[in-house]
1. Quick check: is even one residue across the range 167-185 among the small types (G, A, S), more than 16 Å from the chain's Cα centre (by Cα) and assigned to a loop (DSSP other than H, G, I, E, B)?
2. Quick check on my filter: what residues within the range 44-74 are within 17 Å of the chain's Cα centre (by Cα) and assigned to a helix (DSSP H, G or I)?
3. With Y178, Y168, Y161 as the choices, which residue is of a type in the set (F, W, Y), farther than 25 Å from S73 by Cα, touching a helix residue (DSSP H, G or I) at 6+ places or on another chain (Cβ under 9 Å) and at pLDDT below 95?
4. In the range 115-137, what count of residues is obtained for those that are touching a Lys or Arg at 6+ places or on another chain (Cβ under 8 Å) and either more than 11 Å from Y164 (Cβ to Cβ) or surrounded by fewer than 17 Cβ atoms within 10 Å (Cβ to Cβ) (or both)?
5. Go through L92, L43, L77 for me and flag whichever is modelled with pLDDT under 95, farther than 23 Å from S180 by Cβ, surrounded by 13 or more Cβ atoms within 10 Å (Cβ to Cβ) and touching a strand residue (DSSP E or B) at 6+ places or on another chain (Cβ under 8 Å).
6. Considering only residues that are under 16 Å from L120 (Cβ atoms) and assigned to a loop (DSSP other than H, G, I, E, B), which ones fall in the range 148-166?
7. Yes or no: the range 100-110 includes at least one residue that is crowded, with 18+ Cβ neighbours inside 10 Å and more than 22 Å from Q130 (Cα to Cα).
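The values are calculated or read from the model by the stated rules, or taken from the named source; none is laboratory data. All figures in this text were calculated on a predicted structure; none of them were measured in a lab. Counting neighbours? That spans all protein chains shown, and the Cβs are built from the backbone with ideal geometry, glycine included.
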Amino acid sequence: MTELDLSGSAWDKRYQVDDIGWDLGDISPPLKAYFDQLENKNLRILIPGGGNSYEAEYLFNLGFSNVHVVDISNTALQNLKKRLPDFPDNQLRHGNFFEVEGSFDVIIEQTFFCAIFPKLRPDYAVKMNQLLTSNGKLVGLLFNVPLFTNRPPFGGSRKEYVDYFSPYFNLEIFEKCYNSHSSRQEKELFIKLTKNH
């Protein structure tokens, strides 16, 4: 078997030929519910591996002006820009999440964690901690099923994930998701993690 290619060009190709089975085509219901109760429209929000980023679109249309999307696929970012021509170009970041700099109040996890090589998961937890402000939150969804071992989406379990995050975060919510999209019922954990000081 050849080595798995998770380069920007490989992801670009998947978006170009619509090989994006993970894409719901709309905002994920648990994240919509979370966004709907946020009141501070000035929050600095990062969506890593945002892909077609319906979450960013939803937030932008709600009046959140400080939403940043980073993705290794330029095609994915341009898909968002086509839907939202007014989305600020400087808030669409084409590049590797692990090289992102800045400081954010909230980071949204939506099918990014399961797309990176599992060996990078400890680095993911460290990087999330670094990018968040002092009381910043990592909020989103993680798959709580085995899935694939040789290609994304890579699965996992709550027990494994807690080991990655507990040194860096207060695990406010880390439980089975009750309002998942119908295609993901019983497969997701909802997380709301606050950065440790």
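1. No, the conditions are met nowhere in the range 167-185.
2. Listed by number, the residues that qualify are Y54, E55, A56, E57, Y58, L59, F60, N74.
3. Y178
4. 6
5. On the way: L92 fails: modelled with pLDDT under 95; L43 fails: modelled with pLDDT under 95.
Answer to the check: L77.
6. Here is the first cut: in the range 148-166, the residues under 16 Å from L120 (Cβ atoms) are 148-156, 160-161, 163-165.
Hits for the range 148-166 are T149, N150, R151, P152, P153, G155, G156.
7. no
Residue-by-condition table, conditions (1) farther than 25 Å from V70 by Cα; (2) among the hydrophobic types (A, V, I, L, M, F, W, C); (3) without any contact (Cβ under 8 Å) to a residue 40 or more places away in the chain:
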site: L141; (1), (2), (3): no, yes, no
site: P146; (1), (2), (3): yes, no, yes
site: R158; (1), (2), (3): yes, no, yes
site: Y168; (1), (2), (3): no, no, no
site: S182; (1), (2), (3): yes, no, yes
